[in-house]
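Have a look at the structure below, then the notes.
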Amino acid sequence: MARTKSGNKDAQLRKAAIEEVAEHGLAAASVNRMADRAEVSVGTVYRYYADKNAVLRDAYLHLKFDLSRAMLEAAAPCATSKDKIRTALRAFANHVLANPQHVIFLETVGTATILGPEDLQKVAAIDADLNQLLNDGIADGTLRPAPIEAIATMLLAPIIHTARRAAHQSIRQKPAHVDEILEMCWYSVARDHK
């Protein structure tokens, strides 16, 4: 297989890691296949990363950051908590339904034991601004008073489930179906349903 001679090799490796874990699972994920997918040599993988878990941790943190940034950037122009949260939720849905393998990867790596304390601190920092959106929504009466984790679960879990199904069944969700799911997610946490 031809190898790339230039480009962002660590980004290529992160993408390859996501695809590899989504297709083969964590235990069966292979550094050799990641290298093939990224069109780099196995030696190049080890030039950037100490081992397979280091590749997976880096891919996980980058993907979490990119997804969070996309949600926050979408919500930024909105004036109200309601609009910010709903817009961020829509951005999340758009991303994971267009890239369902990202859900598989995030769930697989996020529930494994490869993330260390430093990684978990980075995840908490990544999640902080999104959690603040929810805290603001509780404070101004947009959302029901409840723990942030419960609200996030009610908002995100149905979309994650839908993306997971799409990944495993190779189906595209109809926009009207996605709209219904988003509305139901919103009504599960909104204080006022108007």
Q.
Which count do you get for residues in segment 18-62 that are in contact with a Lys or Arg (Cβ under 8 Å, 6 or more places away or on another chain), closer than 19 Å to T111 by Cα, hydrophobic (A, V, I, L, M, F, W, C) and open to solvent by less than 20 Å² (accessible area, probe 1.4 Å)?
A. 3
**Q.** Conditions (1) out of contact with any strand residue (DSSP E or B) (no Cβ under 8 Å at 6 or more places or on another chain); (2) open to solvent by 20 Å² or more (accessible area, probe 1.4 Å); (3) modelled with pLDDT of 95 or more; (4) in a helix (DSSP H, G or I): number failed by K82
**A.** (1)
Q: Assess whether E107 counts as being under 14 Å from the mean Cα position of the chain (by Cα), acidic (D, E), closer than 20 Å to L63 by Cα and at pLDDT 90 or above.
A: yes
(Q) Out of the helices (runs of 4 or more DSSP H) lying entirely within segment 90-194, which hold 1 or more residues that are among the small types (G, A, S) and under 30 Å from L26 (Cβ atoms)? (A) 100-110, 117-139, 148-169
Q. Going by the structure shown, is A59 in contact with a helix residue (DSSP H, G or I) (Cβ under 8 Å, 6 or more places away or on another chain) and not hydroxyl-bearing (S, T, Y)?
A. yes
Q. Of everything in segment 120-145 that's of a type in the set (G, A, S) and open to solvent by less than 40 Å² (accessible area, probe 1.4 Å), which residue is farthest from E107 (Cα to Cα)?
A. G141
Q) Does segment 89-104 contain at least one residue that is open to solvent by 70 Å² or more (accessible area, probe 1.4 Å) and not polar (S, T, N, Q)? A) yes
**Q.** Unmet requirement for A112, which otherwise passes all of (1) open to solvent by 20 Å² or more (accessible area, probe 1.4 Å); (2) touching a helix residue (DSSP H, G or I) at 6+ places or on another chain (Cβ under 7 Å)
**A.** (2)
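The values are calculated or read from the model by the stated rules, or taken from the named source; none is laboratory data. Keep in mind that what you see is a predicted model, and the values were worked out from it rather than measured. Note that each Cβ is placed from the backbone with ideal geometry, even for glycine, and that neighbours are counted across all protein chains shown. Each accessible area value is taken on the protein alone, full model and side chains, heavy atoms only, with ligands, DNA and RNA left out. Shrake-Rupley method; radii C 1.70, N 1.55, O 1.52, S 1.80 Å.
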